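In what follows, a single structure is set out as structure tokens and then discussed.
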Amino acid sequence: MKARTVALVLSVLVLAAAAPPARAAETRHDVETDHLDAFDDGGPPSFALLVNPLATLLGTFGAEGDFVIGDAAALSVEGDWVLTGGTTAWAATVGLPVFPWRTIFHGFYVHPRATAAVATSAGASTDVLGIGGTAGWQHTWRFGLSLRIGGGVAYEHALGLDGGVAILGLRPLLDGEIGWVF
């Protein structure tokens with residue numbers, strides 16, 4: 001039995017020494033990345049451009065750009081035109097969409113934000129500052145199309161006389177964004 005074991009070990013060693021080196025199917029031109037989801041070989045996303053048709057139900061028209069700043073967060077910059085209750089406003093919003101499951105632009109998200117606006121009502125202009133946030137779900141397909149559905153609230157306060165501005169106080173926020181991730 002010992003001779004059999006020795007013969008088996010020797011044959012395995014001879015086969016291992018004579019075997020050609022292993023080769024992978026990839027070539028030297030393949031690029032691998034270190035992103036967590038291995039979503040594609042093109043590398044992790046770095047930017048998203050979104051519009052929010054759902055917010056038009058509340059009188060808000062705008063677009064948002066999201067710049068990736070980490071594995072699970074982005075810096076969002078949004079410009080809006082608001083028409084509601086006799087008030088017209090131009091607003092700029094900065095936010096931080098965070099994806100706790102560490103897959104950027106995909107899955108559950110929390111999106112705190114801060115807004116600065118100039119609102120006009122009955123011929124009087126007022127500067128407005130606000131904070132708020134939304135939470136929901138974002139799905140991004142492999143080819144780049146992205147859909148975000150969520151909701152939240154914002155609180156906005158006038159800096160000076162409010163002049164009957166309709167966007168002040170607590171108001172709902174709707175995320176129904178559609179766009180493209182690059």
### Sequence of 139, 111 once ranked by neighbouring C-beta atoms within 10 Å, starting from the fewest
139, 111
### Summary
Amide H contacts under 5 Å for residue 173, restricted to residues at least 5 apart in sequence or on another chain and with H modeled in the peptide plane, are 152, 153, 154
#### Entry: Spacing of the two label points (7 Å from each Cα toward its C-beta) at residue 159 and residue 69, in nm
2.1
#### Entry: Student exercise, the stretch 47-181 dipole from Lys, Arg, Asp, Glu Cβ charges, in Debye to nearest 20
300
### Query
Taking neighbour Cβ counts within 10 Å as the exposure measure, how do 175, 127 sort from fewest upward?
127, 175
### Query
Compactness ratio of the chain: Cα Rg over 2.2 N^0.38 Å, N = residue count?
1.70
### Summary
Nearest-0.05 FRET efficiency for residue 8 and residue 47 at R0 = 45 Å, using Cβ-Cβ distance, is 0.15
### Simple spin-label estimate for residue 149 and residue 83 in nanometres, 7 Å along Cα-Cβ
2.8
### Summary
Residue by residue through the stretch 130-137, the couplings from Karplus 6.51 cos²θ - 1.76 cosθ + 1.60 with θ = phi - 60°, in Hz, x for Gly and Pro, are x, 10, x, x, 10, 9, x, 10
### Task
Compare the Cα positions of 155, 130, 100 along the charge dipole of the stretch 47-181 (+1 at Cβ of Lys, Arg; -1 at Cβ of Asp, Glu; about the Cα centre) and return the one farthest towards the positive end.
100
### For the chain, built as a Gaussian network whose Cα springs stay under 10 Å, the top-fluctuating residue of 96, 13, 159
13
### Computed over the stretch 48-136, Cα set: Rg, Dmax in Å
14.3, 47
### Message
Can you give me the Rg/Rh ratio for the stretch 102-175, using Cα atoms for both radii and the Kirkwood formula for Rh?
### Response
1.15
#### Entry: Given 11 as the ceiling on other Cβ atoms within 10 Å, longest exposed-site-free region of the chain for GluC sites (Glu not before Pro) in DSSP loops
33-182
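Rule-based calculations on the coordinates, nothing more; no lab input. Just so it is clear, the model here is predicted, and its values are computed rather than measured. In this analysis, Cβ positions are derived from the backbone assuming ideal geometry, glycine residues included, and neighbour counts consider all displayed protein chains.
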